1. Return the distance in nm (one decimal) between the two label points of a simple spin-label model at Thr253 and Leu84, each offset 7 Å from Cα along Cα→Cβ.
2. Kindly report the accessible area of the stretch 174-228 per residue (heavy atoms of protein chains, probe 1.4 Å, no ligands, DNA or RNA), in Å².
3. Mind giving me the nanometre distance, one decimal, between the label points for Arg192 and Asp38, set 7 Å out from Cα along Cα→Cβ?
4. So, counting K/R as plus one and D/E as minus one, what does the shell of residues with Cβ under 10 Å around Ala155 add up to?
5. How long is the gain from Ile74 to Asp127 if the chain were fully straight, where each residue apart is worth 0.36 nm and the alpha carbon distance is subtracted?
6. For Arg141 and Asp3, what is the calculated FRET efficiency with R₀ set at 56 Å and r taken between the beta-carbons, to the nearest 0.05?
7. Considering only protein heavy atoms and a 1.4 Å probe, what is the carbon-and-sulfur percentage of the accessible area of the stretch 47-169?
8. Looking at the square roots a ≥ b ≥ c of the eigenvalues of the Cα gyration tensor of the stretch 61-154, which shape do they give, rounded for a/c under 1.5, prolate if a/b is larger than b/c, or oblate?
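The values are calculated or read from the model by the stated rules, or taken from the named source; none is laboratory data. For clarity, every value in this text was computed on a predicted model and none was experimentally measured. Positions of Cβ are generated from backbone atoms using ideal geometry, with glycine treated the same way; all protein chains shown enter the neighbour counts. Surface accessibility is based on the protein's heavy atoms, side chains included, excluding ligands, DNA and RNA. Shrake-Rupley method; radii C 1.70, N 1.55, O 1.52, S 1.80 Å.
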Amino acid sequence: MADVAEKAGVSRALVSIIFRNQAGASRETRERVLRVADEIGYRPDSAARLLARGRSRTLGVMFTVHQTFHTDLITGIYPEAERLGYDVLLSGATHGRSEAKAVEALLSHRCEAVILLGPDAAPAYLDELGQRTVAVSVSRRVPQARVDFVHSAEAKGVRQAMDHLVELGHRRIVHIDGGRGPGSAERRRAYRAAMRRHGLEGEARVIPGHHTEESGIETGRLLLAERDAGQPLPTAVLAGNDRCAMGLLMALTRSGVEVPRAARFDAGTSARWVSQGSPMRSAAVRRGSSEPNGSWNTICTRRRQASNSAPDNANGSTPS
């Protein structure tokens, strides 16, 4: 800023006024200062200015790098955050980088709040985090922790998908479980309830799995081995998420099993139901947008509440 002021022949205070778009400078002076700033490549440091005021106007997002659905959520997060006047800082968790480390990196950059996409951390850690800052968990309900959470209507979604498959004539419908993944327990219960409701309890089968392609491939190999031993393949499979469904498709098609197109069901984890049999038709069953507008509104409202109760603490929070 001092370089701009010297070259433009004005005071540093006047340069600051111009960059803050405040009154106090003539049009000619304003244009000269902005032209000089452009010539020397100067850009105002908005982050430093906000930090000087005790605010960063930055919201952190913790995501898992190998979860493709998280990129869909992030795509929706950016425009909503910008609409509310916030920047977004991403921090990824990988096999070699824990969720806690990813979150701490966000807090070290003074993010005013964090949104956690499908966190797998222990409730005790999330509760402690909720006491340190405003936090929202997406796709995972953690009622015992002091964090807000936004999740899909898992039971309703599974019920709709199962109704659709039964209407198509399927009876041997198996479910590939998502293990400890977000929403897995709710889907598991809803699947069993739907099978009972349709009088198919004797056909119900939950295959342990995870939200990964490898899990789908392993399940495909298991089903193929059972087929070779004389057991019929299921006519439909309810997979935990896209990645698991894709792995299952790969295993079956590579072995010569003709699998028609996947019937997509957009849920919190964008799950897909893959049908196999005859006659085979598929249809999309949707329930809501994947854009997390509600979570950003929640987090920004909580941030304002925290600021009002503790204006000098950029990481302040109020209990859920």
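1. That separation, rounded to one decimal, is 3.9 nm.
2. Values: 2760 Å² over 55 residues.
Each residue of the stretch 174-228 exposes 50 Å² on average to a 1.4 Å probe.
3. That separation, rounded to one decimal, is 6.7 nm.
4. Working: positive: Lys156, Arg159, Arg187, Arg189; negative: Glu154, Glu186.
Taking every Cβ under 10 Å from that of Ala155, the sum is +2.
5. Details: separation 53, 0.36 × 53 = 19.08 nm, distance 2.37 nm.
Full extension from Ile74 to Asp127 adds 16.7 nm.
6. Details: r = 53 Å, r/R0 = 0.95.
Step by step, r from the Cβ atoms, then E = 0.60.
7. Numbers: 2880 of 5400 Å².
Looking at the stretch 47-169 in its full context, I get 53 percent from C and S.
8. Details: a/c = 1.19, a/b = 1.15, b/c = 1.03.
Taking the square roots of the gyration eigenvalues as a ≥ b ≥ c, the stretch 61-154 is rounded.
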